[in-house]
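What follows draws every value from the coordinates through simple rules; no lab data is involved. Everything numeric here is computed off the predicted structure, so don't read it as measured data. Here the Cβ positions follow ideal geometry from the backbone for every residue, glycine too, while neighbour counts run over all protein chains shown.
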Amino acid sequence: MIKHLLDITDLNPDGIQRILETAANLQPEGGAIRKYPALRNKTVVNLFYESSTRTRTSFELAAKRLSADVVNFAVSGSSVDKGESLKDTAQTIMAMGVDAIVIRHKASGAPHRLAQWVDAHVINAGDGMHQHPTQALLDLFTIRQHFPSFEGLRVAIVGDVTHSRVARSDVQALTMMGADVTLVGPPTLLPPQAEHWGVATTADLDAVLPKADVVYLLRMQLERQQAGFVPSLREYSRLWGLDSARAAMLKDDALVMHPGPMNRGVEISAEVAELPRSMIIDQVTNGIKVRMALLYLMLGTPGEVAANG
Ligand code: NCD
């Protein structure tokens, strides 16, 4: 397995497949939650410089279910508030003897710098507008629970692609696995370089919905937007929000996904978020499984789960 997971492209399709299969084996569908001794002598540090509900808790639970010791390094209240650099913080953490650092940072590339400074494994839990590779893995896992293959699967990724690290990682992961991806949204929120991503782009959501197998809605990332990308949120929602009328255009077996946190009533209506085809809660559940698989494959001793599990 890879030493670090910084970009989703650090993995090839076989590596992705291996993580998805391991995740399914570690926590079989419908089975009780299991705890494994595989990472008993390992320490995982969560180093989150940006707010997070799902991702930090998910990594914490994943590591704990593998019996690792987990430290949640609280950035506010630490010496980071006194201006300590990422490098000094990293060296301090390393001096305490850790095996893996899970980092979220507002600066694109911060996990890559960290990986140059430390001996530990580094996992990117979201860096700026750049990458969120474990989100892509859990999204693939969720899709794979419903479709036999990614080959030719039609996935529409809708909304604020420009500011979305989730979109970047998901596009790369999905195209790598053979899916057919279309980015949908106002041209101001679709990055110009998207034409080199091997995807189609359009502003016309209604034309895409009847053909889509998966509609993946992105959060309007208002904290990252300078004014002026869309005339108003109301207008955005009218043209690109998924409400019940639009959801009725979907194929019977099409899935609706969203990485969370949702702006209900903006990119997705409250009713659509609750539909059986909505995978939003499954994505959260699957996040723990996939992160367990990743931590196990990166830090564990091969064979130990089978022996002890
Ligand atoms: C995403 C993130 O922080 O990148 N959330 C998440 O990790 N589930 C998406 C977002 O903030 O919109």
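Binned at 5 Å from 0, what are the whole-percent values of the Cα-Cα distance distribution for region 1-136, short to long?
In whole percents, the pair-distance histogram is 2, 9, 18, 23, 22, 14, 7, 3, 1, 0.
Find out how many positive minus negative residues lie around Trp117, taking Lys and Arg as positive, Asp and Glu as negative, among other residues whose Cβ is under 12 Å from that of Trp117.
Value of the local net charge: 0.
Just to confirm the number: angle between the C-alpha axis of helix 54-65 and the first principal axis of the chain, 0 to 90 degrees, nearest 10?
Tilt relative to the chain: about 40 degrees.
Which value, in debye to the nearest 20, gives the size of the charge dipole of the chain about its Cα centre, when Lys and Arg are +1 and Asp and Glu are -1 at the Cβ?
The dipole of the chain has a size of about 640 debye.
If one computes the Cα centroid of region 1-73 and of region 213-274, what distance in Å separates the two points?
Comparing the Cα centres of region 1-73 and region 213-274, I get a distance of 28 Å.
Suppose every K and R has +1 on its Cβ and every D and E has -1 on its Cβ; what is the size of the dipole of region 147-278 about the Cα centre, in Debye to the nearest 20?
260
Kindly work out what percent of the DSSP beta bridges joining two residues of the chain are antiparallel, to the nearest 5.
Given both bridge residues lie in the chain, the antiparallel proportion sits at roughly 5 percent.
Contour minus end-to-end for Ala107 and Lys251, with contour as 0.36 nm per residue of separation and end-to-end as the Cα-Cα distance?
Value of the extension gain: 47.9 nm.
Can you give me the P(r) profile for region 25-97? Cα pairs, bins 5 angstrom wide beginning at 0, each as a whole percent.
3, 14, 21, 20, 17, 12, 6, 4, 2, 0
Normalise the Debye intensity by I(0) for region 104-229, one equal point scatterer per Cα, no solvent, then take log10 at q = 0.13, 0.23 Å⁻¹ and round to two decimals.
-0.55, -1.38
What is the sum of charges around Gln225, taking Lys and Arg as +1, Asp and Glu as -1, for the other residues whose C-beta is under 15 Å from the C-beta of Gln225? Before the final figure, lay out the partial values.
Numbers: positive: Lys106, Arg165, Arg219, Arg224; negative: Asp160, Glu223, Glu235, Glu267.
Residues near Gln225 contribute 0 overall.
Using helices alone, I'd like the mean residue ellipticity at 222 nm for the chain: each DSSP H run of four-plus residues gives -39500 (n - 2.57), total over residue count, nearest 500.
About -10500 deg cm²/dmol.
Pairs Lys42/Lys106; Lys82/Lys289; Lys251/Lys289; Lys3/Lys106; Lys3/Lys251; Lys35/Lys82: which are spaced more than 32 Å apart, C-alpha to C-alpha?
Lys82/Lys289; Lys3/Lys251; Lys35/Lys82
How many angstrom separate the Cα center of region 163-185 from the Cα center of region 112-161?
Their Cα centres are 9 Å away from one another.
Please give the contour-minus-distance gain from Lys211 to Ala74: 0.36 nm per residue of separation, less the Cα-Cα distance, rounded to one decimal in nm.
Going from the current span to full extension adds 44.8 nm.
Between 0 and 90 degrees, rounded to the nearest ten: what's the tilt of helix 165-176 against the longest Cα principal axis of the chain?
That helix lies at roughly 80 degrees to the long axis.
Run the numbers on region 232-305 and let me know its relative contact order in percent, using alpha-carbon pairs under 8 Å that are six or more apart.
Computed over region 232-305, the figure is 32 percent.
On C-alpha positions alone, give me the angle between the axis of helix 280-299 and the longest principal axis of the chain, in degrees, nearest 10.
The angle comes out near 30 degrees.
Using Cβ contacts closer than 10 Å as the measure, can you line up Leu255, Leu209 from fewest to most?
Arranged by neighbour count, lowest to highest, Leu255, Leu209 become Leu209, Leu255.
Using alpha-carbon pairs under 8 Å, 6+ residues apart, how would you state the relative contact order of the chain in percent? Don't jump to the answer; show the numbers that get you there.
Numbers: 569 pairs, mean separation 66.2, N = 309.
It rounds to 21 percent for the chain.
Return the sequence-ordered ³J(HN,Hα) values of region 120-130 in whole Hz as given by the Karplus equation 6.51 cos²θ - 1.76 cosθ + 1.60 applied to θ = phi - 60°, using x for Gly and Pro.
Coupling constants for region 120-130: 5, 5, 10, 10, 7, 9, x, 10, x, 9, 8 Hz.
State the extension gain, in nm to one decimal, for the chain segment bounded by Met1 and Ala95, taking 0.36 nm per residue of separation less the distance between their alpha-carbons.
31.4 nm is the gain from fully extending Met1 to Ala95.
Using a 7 Å offset from the Cα along the Cα-to-Cβ direction at both Lys82 and Gln193, what is the distance between the two label points in nm, to one decimal?
In this crude label model, Lys82 to Gln193 measures out at 3.8 nm.
For region 235-276, what relative contact order do you get, as a whole percent, if you take Cα pairs closer than 8 Å and at least 6 residues apart?
61 percent.
Expressed as a fraction of 2.2 N^0.38 Å, the rule-of-thumb size for a compact globular protein of N residues, what is the C-alpha radius of gyration of the chain?
1.00
Ordered by packing density, taken as the mean number of other Cβ atoms within 10 Å over each peptide's residues, highest first, how do 170-180, 124-134, 235-245 rank?
The peptides rank, most packed first, as 124-134, 170-180, 235-245.
Please give every one of the aspartates and glutamates within straight-line cross-link reach of Lys211, meaning a C-alpha to C-alpha distance under 14 Å, and leave out same-chain neighbours fewer than 8 residues apart.
Partners found: Asp180, Asp252, Asp253.
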